[in-house]
Amino acid sequence: MLSGPLAADDLALLRRAQRDPSLVLLEGMHALKHAVRFGATVDVVATPDADELARLLARLAPDVTLPVVPGDVEDGVWRALTGGRALPSPCLAVARRPTVDVAAMLARPARLLVLEEPRHAGNTGAVVRVAAAAELAGVVVVGTLDPWGAGVVRAAAGLHFAVDVVHVPDLAALDTLLAASTRPLVALDPDGVPLEDADVPVDAAVALGTERGGLSGALRERASARVAIPMQDGVSSLNLATAAAVLAYRP
Ligand SMILES: C[S@@+](CC[C@H](N)C(=O)[O-])C[C@H]1O[C@@H](n2cnc3c(N)ncnc32)[C@H](O)[C@@H]1O
């Protein structure tokens, strides 16, 4: 693959992407592949091993043509950029964060997932990934975790560009967002009514709680129904993303 030395401006953009909310840092080839496939504007691709990146793309994403020539990065710079972490594959890229059309998201005839105060970037990314795969209306993350953070985007394999992902700070902001739609709010709760006895409309906003504590009382009160996915006696709960997947694919 054609590559060349990484330009100083591109290196600066890579460094800035870690903290600039208008940018998205893509870690690894899968995130880059999905970003390109789903129309992201990618400004920079950097790699310490252009041949390996080319081999991976040829094998796993032959349909993808990179929109920019990858910039070669020396080992020391690569270590500084990655903080010494091993990435899933040898590339980092910077894309621009898209603006979500919230009205269009709410109007889409599919379920919307609402995550209340998720703590774990890996779980949140896995939810985005399943929402994209199942063509849900979107994912709304309530709380302090930035769903566009690099760890979430990596766990979602870059599928933020295939489904709308919205961040709101608190339940009051969620109320404002949902007020613009007629979607019923259904809470997923191990203490709710069994899923087989429940009606979860295909346009429901389906809320899931935080990993350790579950849903807040305030969210439970807002929900029109609380629904449980059956589990063997003694099992406390499913993983957040696993529970989301059950509802994502339920007719
Ligand atoms: C890891 S669980 C939280 C566990 C927490 N101790 C509780 O009791 O809810 C994260 C979220 O996934 C959803 N969840 C997990 N297992 C579920 C189940 N069997 N039925 C319904 N929702 C479930 C709930 O929304 C829950 O708040």
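The values are calculated or read from the model by the stated rules, or taken from the named source; none is laboratory data. This structure is a prediction, so every number in the text was calculated from the model and none was measured. Cβ coordinates were reconstructed from backbone atoms using ideal geometry, including for glycine residues, and neighbour counts include every protein chain displayed. What goes into the accessible areas is simple: the full protein's heavy atoms, side chains included, and nothing from ligands, DNA or RNA. Shrake-Rupley method; radii C 1.70, N 1.55, O 1.52, S 1.80 Å.
Summing Cβ point charges (Lys, Arg +1; Asp, Glu -1) relative to the Cα centre of the range 17-96 gives a dipole of roughly 320 debye.
Tilt of helix 240-249 relative to the longest C-alpha principal axis of the chain, in degrees (0 to 90, nearest 10)? Tilt of helix 240-249: around 80 degrees. Average accessible surface for the chain: 47 Å² per residue, computed with a 1.4 Å probe over protein heavy atoms with every protein chain in place.
When DSSP beta bridges are restricted to pairs lying wholly in the range 102-249, around 5% turn out antiparallel. Using the Stokes-Einstein relation with a Kirkwood hydrodynamic radius computed over Cα pairs, the translational diffusion coefficient of the chain at 25 °C and a viscosity of 0.890 mPa s comes to 129 µm²/s. Accessible surface of the chain, 1.4 Å probe: 52 percent of it comes from carbon and sulfur atoms. Using a cutoff of 8 angstrom between alpha carbon atoms and counting only pairs six or more residues apart, the relative contact order for the range 4-96 works out to 48 percent.
The angle between the Cα long axis of helix 121-133 and the longest principal axis of the Cα atoms of the chain comes to about 80 degrees, rounded to the nearest 10.
Using only the alpha-carbon atoms, how far is helix 50-60 inclined from the longest principal axis of the chain? Give it as 0 to 90 degrees, nearest 10. In the chain, helix 50-60 runs at an angle near 40 degrees to the longest axis.
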